[in-house]
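For reference, the structure discussed in these notes is given below.
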Amino acid sequence: MLNFETAKTIAYLGPQASFTEMAKDHFCEKFNIDATPVALNTIKQVVEYVDNNPDSLGVLAAENSIEGTVRETMDNLMLTKNQNIKVLSEYYMPIHHCLLSRTTEFYSITGIISHPQALGQCQNFIHNEMPFNVNIIESPSTAEAARSLQNYNLTYASIGSKKTAEIYNLNVLRENINDDKSNQTRFILVGDFETSETDNDKTTIAFSTENKPGALLNVLQIFMDNNINLSYIASRPSRERFGDYIFIVNFDGHFHNPKIMNTIKRIKEQTTYMRFLGSYKKSNSKILAQ
């Protein structure tokens, strides 16, 4: 088991009752983490907090089964000054969204406030069940959306969990409104700590190649040559020049394994940029009823 005895604080996207706080509670219970929780307003603030505070941990949403990569998380992880900030563990959380409001009258709702990811995960519900001209307002988190309802009239609702409704004294107007009933989010624990090799690990790296034919293929060929399973690949704009991209990949194995170390060494030789983002034990996604 990972040892986080020296961790003094653990940062997460707040406020109270956010899905990220629930993930934070899971990691704390799993690894017996006794650290002071720090609720922050944005994912960027969470990453910066871990980057600037030694002996701290952070909890971030990394990927959703409907909306895909949480871009803000990966973009900011690649920019930490401390190159040792990396992924230490992962957790797949089933996500069940509800429509919450201070009113009990569903058909009076004219506006919805929530995080962009939650809004995206409930597009069909919003399109089919809500008024055509419903006012959509984005919020930094689902919990902040619920808390902000006190600043709006009774015709506004938010998207969040049952726990969110309990904490902020809201009514649940509709349950399980996410389009995909198997909806789940992969959360990650990050920090400047070391992980040990197990028999079931994955590694995450980010890299860029020259913008020329075959450059990406040459990197992918290295995985095949070493018989390494590449389980995930996504691209993000490099923000340096239009048309240049950073690729984020997950593959089987731990950095301490000689074959993985050799693979990463060969990849460095074929890339213009590479950032090691962690080796950690795999967690399994949940199989949920449709």
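Computed from the coordinates by the stated procedures, all read-outs in this text should not be read as laboratory data. Since the structure is predicted, the reported quantities are computational estimates derived from the model, not experimental observations. Every residue, glycine among them, receives a Cβ derived from its backbone with ideal geometry; neighbour counts consider all protein chains shown.
When the chain is treated as a GNM with alpha-carbon contacts under 10 Å, the residue of Thr110, Thr203, Thr20 showing the greatest mean-square fluctuation is Thr110. The loop-placed trypsin sites (Lys or Arg not before Pro) in segment 1-71, going by DSSP, that have at most 14 neighbouring Cβ atoms within 10 Å of their Cβ come out as Lys8. More than 14 angstrom separation, counting every C-alpha pair in segment 115-154; what % is that? Counting pairs separated by more than 14 Å, the tail of P(r) holds 51 percent. Taking label positions 7 Å along the Cα-Cβ direction at both Asn52 and Asp199, the computed distance is 4.5 nm, reported to one decimal.
Distances between placed amide hydrogens fall under 5 Å for Leu173 paired with Leu99, Leu100, Ser101, all partners being 5 or more residues away or on another chain. The alpha carbons of segment 146-191 stretch over 38, 29, 16 Å along the principal axes, in descending order. Look at the dipole of the chain built from charges on Cβ: of Ile246, Asn169, Gly214, the Cα furthest out on the positive end belongs to Gly214. Couplings 3J(HN,Hα) for segment 146-159, derived from phi with the Karplus relation 6.51 cos²θ - 1.76 cosθ + 1.60 (θ = phi - 60°), are 5, 5, 6, 4, 5, 8, 10, 6, 5, 8, 9, 10, 10, 10 Hz, where x marks Gly and Pro.
Please arrange Ser56, Ser231 by how many other C-beta atoms lie within 10 Å of their C-beta, fewest to most. Walk me through the numbers on the way to the answer.
Numbers: Ser56 22, Ser231 11.
Listed from fewest to most nearby Cβ atoms, that is Ser231, Ser56.
Taking only the C-alpha atoms of segment 201-281, the Rg (one decimal) and the largest Cα-Cα distance, Dmax (whole number), read 12.2, 36 Å.
Considering only Leu88, Asn226, Cys122, and ranking their Cα positions along the charge dipole of the chain that arises from unit charges at the beta-carbon of Lys, Arg, Asp and Glu, the one farthest toward the positive end is Asn226. The charge dipole of segment 159-290, taken about its Cα centre with unit charges on the Cβ of Lys, Arg, Asp and Glu (plus for the first two, minus for the last two), comes to roughly 180 debye. Near Phe193: Cβ cut-off under 12 Å, other residues only, Lys/Arg at +1 and Asp/Glu at -1. The net charge is -3.
The chain has equivalent-ellipsoid semi-axes of 36, 22, 17 Å, by the square roots of 5 times the alpha carbon gyration tensor eigenvalues, sorted largest first. Charge dipole (Cα centre; +1 on Lys/Arg Cβ, -1 on Asp/Glu Cβ; no other charges) of segment 54-209 amounts to roughly 480 debye. What does the C-alpha gyration tensor say about the overall shape of segment 5-55? Classify as rounded when a/c is under 1.5, otherwise prolate if a/b is larger than b/c, or oblate. Oblate, since a/c reaches 1.5 and b/c is not below a/b. Average 1/r across all pairs of distinct alpha carbons in segment 139-290, invert it, and you get the Kirkwood radius: 19.0 Å. Segment Lys259..Asn218, full-extension length gain: 13.0 nm, with 0.36 nm per residue of separation and the alpha-carbon distance subtracted. Extending 7 Å from Cα along the Cβ direction at Ser148 and again at Lys162 yields two label points whose distance is 2.7 nm. Of the residues Arg275, Arg266, Arg186, the one that moves most in a GNM of the chain with alpha-carbon contacts below 10 Å is Arg266.
Taking Cα atoms only, the orientation of helix 258-270 departs from the longest principal axis of the chain by about 90 degrees. For segment 45-53, the Karplus equation 6.51 cos²θ - 1.76 cosθ + 1.60, evaluated at θ = phi - 60°, returns couplings of 5, 5, 5, 5, 4, 5, 5, 9, 10 Hz by residue, with Gly and Pro reported as x. For the chain, the longest principal axis of the C-alpha atoms and the axis of helix 19-31 are separated by about 50°. The charge dipole of the chain, taken about its Cα centre with unit charges on the Cβ atoms of Lys, Arg (+1), Asp and Glu (-1) only, comes to about 320 debye.
For segment 102-112, 3J(HN,Hα) computed residue by residue from phi via the Karplus equation (6.51, -1.76, 1.60; θ = phi - 60°) reads 6, 8, 9, 9, 4, 6, 8, 6, 10, x, 10 Hz, glycine and proline entered as x. When the chain is modelled as a GNM with alpha-carbon springs shorter than 10 Å, which of Phe187, Phe242, Phe132 fluctuates the most? Looking only at Phe187, Phe242, Phe132, the largest GNM fluctuation is found for Phe242. Size of segment 98-174 from its Cα atoms: along the principal axes, largest to smallest, the extents are 29, 25, 20 Å.
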